[in-house]
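Inspection log for the structure reproduced underneath, given as structure tokens.
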Amino acid sequence: MHRCMLRFAEQHWQGSVRCMSSTVGKRRALRGLFPVLDLPLQPIQRHVYEANLRNSIACHKKYTEFREKVRKGGGENAISRHTQRNRKLLVSDRLKLLLDDEEFLELSPFAGLGLAYGDIPSAGCLTGIGRINGLWCVIIANDATVKGGTGYPITVKKQLRAQEIAIQNRLPCVYLADSGGAFLPLQSEIFPDKNQGGRTFYNEAIMSAMKIPQVAVVCGSCTAGGAIMPTMAEETVMVNRIGTIFLGGPPLVKAATGEEVTTEDLGGARLHAEVSGGVDHFAWEEKEAFTYTRNIISTLNFQLPEEEEDMKKRKAEEEPLYSSEELLGLAPQSYTYSLDVKMIISRLTDGSCFQEFKARYGTTLVTGFAKIHGNLVGIVANNGELSHEAALKGTHFIQLCDQRDVPLVFLQNTAPAAPLTLSTEQAEMNSNRLKAQGSMMSAVACAAVPKITVVIGGCYGADSYAMCGRAFDPNFLFLWPNARVSMTAPGHAASLLSPNDEQEDEQKKQEEKLNRRLEEESSAFFSSGRLWDDGVILPQHTRKVLSDSLDIIKQQQYQLSAEKLRPTLLRI
Ligand code: COA
């Protein structure tokens, strides 16, 4: 397994190094005048645009409700227990002390909402990517206002995904540890299996071996499983009279031996800094702990580009010709309300420029090159069914980007249901399409360049795999609030049921039931609650999210200590 992981690391290392060529040193990107996509909204499109806009406004309302739910964490009582009785800072205040600024790409903020075991705000653990001393770092922060920061199955899943992002993009990782360990009533779903609790610790070890730096701040009670994470980090800071690390707390000692001990004696900051040596920095208060942490990050061996150079580059970039707000009317409320996807592309790319590839072939897929905040990308966007020709074109373009080391951005809006095979002619078409889609899936899976997927409409059936769905390991996958995620779209349940002429009524009932279920289970919020993506983003924020994601992915080229990694891996 270890070898497997290292092989993955090696493959990825090669991929990442291949993507760095354009920015090392004082090199200059090649100039080119990509054609402008001058696509204003036409009067004939207005009724579709307005219907989409109404739907986007309704989705935004839901998005705001979810945001509010998450903001309240474990509720008023838990917050006052946390801040007043336990004298701890809230995660949001901790981030203010830790990060350079408010720029924080929060990952899956709605994870944990609407689950069978209830609403678990932020899945009890906030994750995201922010800058510390200019360096993008993954932050994994327990929220102790949610049941003492204990781990639910969704908490574990969220931590594992954040670690996976750190591994895939070689990002330093900072753990803000404040967790009572496993949420005991659900222990059977957290403890025993491969991708459960133990995997987070396994990952910590592997990440260290891969030279992905990890720092922990013990800013709360870390009990049992919660105690392992900070002790496995490479450097740990602990806050006096706030942080504790032990396997069982004072009540357990009292029950077992009758002895009364304080939490400080059992596992406080003094004990770990002076006796066990389990932590490396003793902080008198949280503020000091975060100053230490920022200093630790400054000792990581990265050499970032000069800020002025970066600013100059940004200033030279042109904004799209059209307002990003127009994306709200372009975000399809359903597949039949999709407008030309080039209208979406023109509202995302620098200067609305786009160098289209194979413009006249397989037109239900749009492929081509563009820049997003100066980053050259290859865009693959659905513009109808993923036909045989479209899939062949997709395969060709993905291989081209892979060969040129250009990151790929997928704009996914796949067809609601697979075409039925009702004639031999149709059977032939479907077989050809199947074969071509298989090739496209192979191209996506094997392309060693970074991939970012944004689901702008439907994420249905096998077409979604070819468009770099979750199972195809994109570096990031985001959804617009109008997105729908299911095998087949609501209203198309009949295609999933086998026809039964004799029991037509029963069949109808089953169909209605399945359609209702598809409707309920396909919303973007249902998906994000279960962590099938990295978060719901607003259409008008897409350009910024893509630009941040591309910067984040690119950062690995500045890690000097990783240069020695490749020969070590090859020897194993
Ligand atoms: N499993 C399930 N629920 C737990 C829990 C656990 N391991 N630990 C705490 N909780 C719940 C409490 O029942 C309480 O629920 P409530 O708000 O519905 O009353 C809530 O989390 C907060 O706990 P509380 O003790 O009131 O808050 P606190 O901030 O003072 O302390 C802990 C939090 C985690 C430090 C403390 O509860 C603790 O030490 N728990 C035991 C941890 C443990 O033994 N874990 C072993 C896991 S293998």
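Between Pro109, Val91, Asn195, whose Cα lies farthest towards the positive end of the dipole of the range 73-298 when Lys and Arg beta carbons carry +1 and Asp and Glu beta carbons carry -1, centred on the Cα centre? About the Cα centre, the residue reaching furthest to the positive side is Asn195. Note on the chain: with neighbouring protein chains present and a 1.4 Å probe, carbon and sulfur make up 54 percent of its accessible heavy-atom surface. Only Lys, Arg, Asp and Glu carry charge here, each on its Cβ (+1 for the first two, -1 for the last two); on that basis the chain has a dipole of about 920 debye about its Cα centre. The range 493-560 and the range 419-491 have Cα centres lying 12 Å from one another.
Whole angstrom only: what separates the Cα centroid of the range 148-211 from the Cα centroid of the range 335-403? Comparing the Cα centres of the range 148-211 and the range 335-403, I get a distance of 36 Å. Could you compute how fast the range 73-298 diffuses translationally, taking Rh as the Kirkwood radius over C-alpha pairs and applying Stokes-Einstein at 37 °C with viscosity 0.692 mPa s? Give it in µm² per second. The calculation lands on 189 µm²/s. Rounded to the nearest 10 degrees, the angle from helix 286-298 to the longest Cα principal axis of the chain is 60 degrees. Farthest toward the positive end of the dipole of the range 143-219, out of Asn169, Tyr152, Ala182, is the Cα of Asn169, where the dipole comes from beta carbon charges about the Cα centre. For the listed residue pairs Lys342/Lys371; Lys194/Lys435; Lys72/Lys158; Lys342/Lys544; Lys72/Lys451, the alpha carbons are over 23 angstrom apart in Lys194/Lys435; Lys72/Lys451. When DSSP beta bridges are restricted to pairs lying wholly in the chain, around 40% turn out antiparallel. The modelled label-to-label distance for the pair Asp119/Ala205, using points 7 Å beyond Cα in the direction of Cβ, is 4.0 nm. Partners of Lys211 within straight-line reach, counting lysines whose Cα lies under 17 Å from its Cα and excluding those fewer than 8 residues away in the same chain: Lys554, Lys564. Just to confirm the number: angle between the C-alpha axis of helix 424-446 and the first principal axis of the chain, 0 to 90 degrees, nearest 10? Its long axis makes an angle of about 30 degrees. When the alpha-carbon atoms of the chain are used, the pair Rg, Dmax equals 25.1, 82 angstrom.
When the range 371-516 is described by a simple charge dipole with +1 on each Lys and Arg Cβ and -1 on each Asp and Glu Cβ, the residue from Val449, Ser387, Leu422 located farthest towards its positive end is Val449. Each Lys and Arg adds +1 at its Cβ and each Asp and Glu adds -1 at its Cβ; summed about the Cα centre, the range 73-298 shows a dipole of about 280 debye. Within the same chain, aspartates and glutamates fewer than 8 places from Lys88 are excluded, and of the rest, those with a Cα less than 16 Å from its Cα are Glu76, Asp143, Asp178, Glu264, Glu285, Glu286, Glu288.
For the Cα atoms of the chain, what angle does the longest principal axis make with the long axis of helix 46-71, in degrees from 0 to 90, nearest 10? With rounding to tens, the tilt is 10 degrees.
Accessible area per residue for the chain, computed on protein heavy atoms with a 1.4 Å probe, is 47 Å².
Cβ under 9 Å from Tyr361's Cβ, Tyr361 left aside: what net charge do those residues give with Lys, Arg +1 and Asp, Glu -1?
+2
The values are calculated or read from the model by the stated rules, or taken from the named source; none is laboratory data. Just so we're clear, the structure is a prediction, and the values are computed from it rather than from any experiment. Methodologically, a virtual Cβ is constructed for each residue, glycine included, from the backbone with ideal geometry; neighbour enumeration extends over all protein chains shown. Note: areas computed on protein heavy atoms with side chains; ligands, DNA, RNA excluded. Shrake-Rupley method; radii C 1.70, N 1.55, O 1.52, S 1.80 Å.
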